[in-house]
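As structure tokens, the structure follows; a few thoughts come after it.
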Amino acid sequence: MAEKSIIDQGGKQMKTRVRSFTLIELLVVIAIIAILAGMLLPALNNARDSARSSQCIGNTKELARIFLAYSNDNNDYLPSPWTIKQNAVDKQFYKTLAKLYNVSWGSTIATTIFRCPNYAKGYKDGQFGTSYGVNVYGFFGAESPAADAVLKHKKITKFTAASKTGMLGDNYNHWRVDYNGTTANITSPDMYTKAYTAFRHNQKANFAFIDGHSESRGKLKVPCLQGYPGTKADVLKDSFFWFNDLTPTAFNGM
């Protein structure tokens, strides 16, 4: 406690005691602030991740709108790297779609609807200019269709479980996404061209479905080796999520 001299209105000098912090009290205050900051930062990070996930879901909705517009303009067929160039793989077919439907696209621009806002974390950019892959297996009934891809291509009207079948979703900059992903997190930045599902939103991935709606799903709601390690791929793929021409025998209804 320190003393301080003051002059009253009559000109008389008076002494008063001024309260000051001790070193221990100051350290206690600093510790409390640090604890509060530690409690608030995770909440702020979660809020930021939720905002990015919401933006990503918005991207998938816009991409679904473009896919459905293409389907409407092309006799009910959904776009793919093969159908746009008739059996020739167009590794940047999203760029072609962007030109067709007047939306922004850029191979190094992370602010377009073709890029997830969380994609830039530790991954190199790649040749496909996207962070969303297409469910090619569902479109063609094969993981990597060859010369007869267009002949095998199903019309959108053939999907009997459109609200359960994935159209496109989060991945690691590849034109396709599928059930064969075996690692949940690709740690090397050189491994950016993978068809794996990318669960980068608080352990969830965002998907647009054949009926046009989008949603966020955890690993146990996306039939893939990341969510069900040790499960055979042929069991995973026979589900409504990836391919509904067959009668699903596993993960029915997902």
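We did not get these values from a lab; they are worked out from the coordinates using the rules stated. Computed from a prediction, not measured in an experiment: that's the story for all the values here. No Cβ is skipped: glycine too gets one built from the backbone with ideal geometry, and neighbour counts run over all protein chains shown.
When the listed pairs LYS154/LYS204; LYS99/LYS232; LYS99/LYS219 are checked against a 32 Å cut-off, the alpha-carbon distance exceeds it for LYS99/LYS232; LYS99/LYS219.
When peptides 208-221, 89-102 are sorted by average Cβ neighbour count within 10 Å, with the highest value leading, the order is 208-221, 89-102. Each of VAL235, VAL177, VAL28 has some number of other Cβ atoms within 10 Å of its Cβ, and from fewest to most they run VAL28, VAL235, VAL177.
Remark on MET167: its backbone amide H falls under 5 Å from those of ALA208, PHE209, ILE210, a criterion applied only to residues 5 or more positions apart or on other chains, H modelled at 1.01 Å from N.
Cβ crowding within 10 Å ranks SER80, SER71, SER50 as SER50, SER71, SER80, fewest other Cβ atoms first.
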